[in-house]
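S.K.: Quick one: the structure is below, questions incoming.
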Amino acid sequence: MPGVTPDYYSILGVSRDADEKTIKKAFRKLAREHHPDAGGDEAKFKEINEAYEVLSDEKKRKLYDQYGTANENQIPGGWGGQAINMEDLFGGAGGFGSWSDILESIRNGEGAFGSNWEINNGQGWGSNFGQRGNRPRKGQDMNVTLTVSFDEAFKGVEKRVTVRVPGKKESETLDIKVPAGAMDGGRLRYRGKGRPGTNGGAAGDLLITTKIEPHQYFSREKANVLITVPVTIAEAALGASIIVPAPDGSKVRVKVPAGTQSGKVLTIKGKGAPRIKGEGNGDLKITVKVIIPKSLNDKQKQALEAYKEADERSVRPW
């Protein structure tokens, strides 16, 4: 028994009588919010895309509204030789549609229920009753992982990739353009570069997933770049001005306020990675890490002993 088809109208948040413009507007809004490249949920994005593919296609939407599914394989093709009440089937309450809809489907060669039904020389239903014809089928998508360095993902890079597609005699070499600000796990889609279709169907797509190698100092959080910077006890306590590397290759001067605690985050606006969707760059987030020396020379010990004697406060609440 076929699975339950999702409620595509609810997924896009539109009414069942929504026009094409309303459906497209709802899809674009949700796609921007949930696109994986923007940090969205991939499963949710696929669900939104599937809903739009059905409701934006007049034929698929008509099938979905009429039968509860746009998958022609899930539309009934026969009833095992049982008697059929044509009034209940086509015209009655809860039926599948009007005679005009059925005849239109037959004239278009689609069959009454999306199957390849025939009328043979006026002698009734032919031998294809309930059978699916040799319809064009789109080829399967292919997935390839492309590894790039942190700097390549930050600035953007063009990589040459050779892809071997099953069903094709020769491999294909593609120039893949990784955009500046690409994220780990982000995807690039190349239409028609996947597995070949059958019965004249279109080829599938090639999905390139970017994998970013770790950096010695930096990490990414969407368009923000993160770095942990060590400071001494004196710098944290007294305050300091320190030099920090930025991911674009420059150096930035950062003020560490007096009394800074380990774990405090300082932000440099606009020094992060380029935003793929939107304008400008993210931020550089600097996490301060106070380093406690493992050994001290005599002068350092004396200084700390003097500080200890001068400090009458207690850091413990009990």
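The values are calculated or read from the model by the stated rules, or taken from the named source; none is laboratory data. All values derive from a computational prediction rather than experimental measurement. Glycine gets a Cβ as well: all are built from the backbone with ideal geometry, and neighbour counts include every protein chain shown.
S.K.: Out of PRO36, PRO6, which single residue is surrounded by 15 or more Cβ atoms within 10 Å (Cβ to Cβ) and either farther than 24 Å from ILE208 by Cα or at pLDDT below 90 (or both)? Full working, then the answer.
M.R.: Numbers: PRO6 fails: surrounded by 15 or more Cβ atoms within 10 Å (Cβ to Cβ).
Exactly one residue qualifies, and that residue is PRO36.
S.K.: Now, a different point. Mind telling me which of the residues THR228, THR145, THR162 ends up being in contact with a strand residue (DSSP E or B) (Cβ under 9 Å, 6 or more places away or on another chain), within 28 Å of LYS251 (Cα to Cα) and not in a loop (DSSP other than H, G, I, E, B)?
M.R.: Details: THR145 fails: within 28 Å of LYS251 (Cα to Cα); THR162 fails: within 28 Å of LYS251 (Cα to Cα).
From the options THR228, THR145, THR162, the qualifying one is THR228.
S.K.: Which ones in region 248-258 are touching a residue at least 12 places away in the same chain (Cβ under 8 Å) and under 17 Å from PRO230 (Cβ atoms)?
M.R.: Listed by number, the residues that qualify are VAL252, ARG253, VAL254, LYS255, VAL256, PRO257.
S.K.: A follow-up question, please. Restricting the search to region 185-197, which residues are touching an Asp or Glu at 6+ places or on another chain (Cβ under 9 Å) and either surrounded by 20 or more Cβ atoms within 10 Å (Cβ to Cβ) or part of a loop (DSSP other than H, G, I, E, B) (or both)?
M.R.: Once the filter is applied, which keeps residues that are touching an Asp or Glu at 6+ places or on another chain (Cβ under 9 Å) and either surrounded by 20 or more Cβ atoms within 10 Å (Cβ to Cβ) or part of a loop (DSSP other than H, G, I, E, B) (or both), region 185-197 yields GLY185, GLY186, ARG191, GLY192, LYS193, GLY194, ARG195.
S.K.: Follow-up question, since we're still on this one. Would you confirm whether or not region 249-266 contains a residue that is part of a loop (DSSP other than H, G, I, E, B) and either among the aliphatic types (A, V, I, L, M) or touching a Phe, Trp or Tyr at 6+ places or on another chain (Cβ under 9 Å) (or both)? So that I can check it myself, show each step before the final result.
M.R.: Here is the first cut: in region 249-266, the residues part of a loop (DSSP other than H, G, I, E, B) are 249-250, 257-264.
Those still in the list that are either among the aliphatic types (A, V, I, L, M) or touching a Phe, Trp or Tyr at 6+ places or on another chain (Cβ under 9 Å) (or both) too: 258.
Yes, the conditions are met somewhere in region 249-266.
S.K.: Based on what the data block shows, is ARG195 of a type in the set (Lys, Arg), within 25 Å of PHE45 (Cβ to Cβ) and touching a Leu at 6+ places or on another chain (Cβ under 9 Å)?
M.R.: Working: of a type in the set (Lys, Arg): yes; within 25 Å of PHE45 (Cβ to Cβ): yes; touching a Leu at 6+ places or on another chain (Cβ under 9 Å): no.
So ARG195 does not fit the description; no.
S.K.: Next question. Among (1) surrounded by fewer than 18 Cβ atoms within 10 Å (Cβ to Cβ); (2) farther than 30 Å from LYS264 by Cβ; (3) charged (D, E, K, R); (4) in contact with a strand residue (DSSP E or B) (Cβ under 6 Å, 6 or more places away or on another chain), where does LYS168 come up short?
M.R.: The failed condition is (4).
S.K.: Can you tell me which residue is surrounded by the fewest Cβ atoms within 10 Å (Cβ to Cβ) among those in region 267-290 that are more than 12 Å from VAL225 (Cα to Cα) and modelled with pLDDT of 95 or more?
M.R.: Looking only at region 267-290, we keep the residues that are more than 12 Å from VAL225 (Cα to Cα), and these are 276-280, 288-290.
Narrowing further to those that are modelled with pLDDT of 95 or more: 288-290.
On the way: VAL288: 21, LYS289: 13, VAL290: 17.
Only one residue tops the list, namely LYS289.
S.K.: For LEU63, indicate whether it is modelled with pLDDT of 50 or more, surrounded by 13 or more Cβ atoms within 10 Å (Cβ to Cβ), over 27 Å from ASN134 (Cβ atoms) and aliphatic (A, V, I, L, M).
M.R.: no
S.K.: I'd like to know if region 198-210 contains one or more residues that are surrounded by 15 or more Cβ atoms within 10 Å (Cβ to Cβ), in contact with a Gly (Cβ under 9 Å, 6 or more places away or on another chain) and on the phi > 0 side of the Ramachandran plot.
M.R.: No; the residues of region 198-210 include none that is surrounded by 15 or more Cβ atoms within 10 Å (Cβ to Cβ), in contact with a Gly (Cβ under 9 Å, 6 or more places away or on another chain) and on the phi > 0 side of the Ramachandran plot.
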